[in-house]
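Before any comments, here is the structure.
What follows is calculated from the coordinates using simple rules that are stated; it is not laboratory data. Source: prediction; values computed, not measured. Cβ coordinates were reconstructed from backbone atoms using ideal geometry, including for glycine residues, and neighbour counts include every protein chain displayed.
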Amino acid sequence: MFGDMMGMMGKLKETQKKVEETKARMDNVLLDENSSDNKLKVTITANRTLKSISIDDELLQDKEMLEDYLILTLNKAIERASTVNETEIAAVAKEGMPDIPGMDLFK
């Protein structure tokens, strides 16, 4: 019984380490998101850190339009980054979880 428990604890620690490594790796995963007409482009990491913004000169003439573009495009980028991040973390966590009857956490 204790051997099984020690094995599970070791597996959980290993999984925790892999999750932390995956989180760190997400800093290097860059995602580009563009407005529908490509007048605004943002680059964000899978950890949701904004890396760059590229704005078409036409948008600089209209403050309200630029603000709308920024909100829409940044929200799409954040949503996409969140999906990538959560998918990657869940995959690593599921892979390393011990098989405990009745504990189907990642279905």
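Here are the numbers for this structure:
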| read-out | value |
| --- | --- |
| Among (1) charged (D, E, K, R); (2) more than 25 Å from Asn28 (Cβ to Cβ); (3) crowded, with 16+ Cβ neighbours inside 10 Å - the single one Arg80 does not satisfy | (2) |
| Options Thr22, Thr87, Thr43: the member that is outside any loop (DSSP other than H, G, I, E, B) and in contact with a helix residue (DSSP H, G or I) (Cβ under 7 Å, 6 or more places away or on another chain) | Thr22 |
| Output for the range 30-40, where each listed residue is assigned to a strand (DSSP E or B) and surrounded by 16 or more Cβ atoms within 10 Å (Cβ to Cβ) | Leu31, Glu33, Leu40 |
| Count of residues meeting criterion [among the charged types (D, E, K, R) and in contact (Cβ under 8 Å) with a residue 40 or more places away in the chain] in the range 64-93 | 3 |
| Number of the condition not met by Gly10 [criteria: (1) small (Gly, Ala, Ser); (2) exposed (fewer than 12 other Cβ atoms within 10 Å of the Cβ); (3) part of a strand (DSSP E or B)] | (3) |
| Filter result (touching a residue at least 12 places away in the same chain (Cβ under 8 Å), assigned to a helix (DSSP H, G or I) and surrounded by fewer than 15 Cβ atoms within 10 Å (Cβ to Cβ)) within the range 46-63 | Glu58 |
